[in-house]
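This report refers to the structure that appears directly beneath it.
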Amino acid sequence: VTDYDFLLIGAGILGLSTARELQQRYPGSRVCVVEKEQVPAYHQTGHNSGVIHAG
């Protein structure tokens, strides 16, 4: 069993950005990102013409 300080569900734009921010704010913390797809951001930017939408 591996212990993590933070567990994030989803490796999309927000999940990966949050993981990066957590590692910068809390150096040495253990961050785990869980994604159901085989590649990160599979349903993200490429499917909305490369634009990040805020809502």
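Which residue pairs have Cβ atoms under 9 Å apart, sit 6 or more places apart or on different chains, and have a first residue in segment 11-26 that is within 22 Å of residue 42 (Cα to Cα) and a second that is polar (S, T, N, Q) and assigned to a helix (DSSP H, G or I)?
Filtered contacts from segment 11-26: 12/45; 13/45.
Could you list, in sequence order, the residues of segment 1-32 that are in a helix (DSSP H, G or I) and of a type in the set (D, E, K, R)? I'd like the intermediate steps shown before the answer.
Filtering segment 1-32 for residues in a helix (DSSP H, G or I) gives 13-25.
20, 21, 25, listed by residue number.
Test residue 8 against the criterion of being modelled with pLDDT of 95 or more, more than 10 Å from the chain's Cα centre (by Cα), hydrophobic (A, V, I, L, M, F, W, C) and surrounded by 12 or more Cβ atoms within 10 Å (Cβ to Cβ), and give yes or no.
For residue 8, the condition - modelled with pLDDT of 95 or more, more than 10 Å from the chain's Cα centre (by Cα), hydrophobic (A, V, I, L, M, F, W, C) and surrounded by 12 or more Cβ atoms within 10 Å (Cβ to Cβ) - is not met.
The values are calculated or read from the model by the stated rules, or taken from the named source; none is laboratory data. Please read these numbers as outputs of a predicted model, since none were measured by experiment. Using ideal geometry, Cβ is built from the backbone for each residue, glycine included, and neighbour counts are taken over all protein chains shown.
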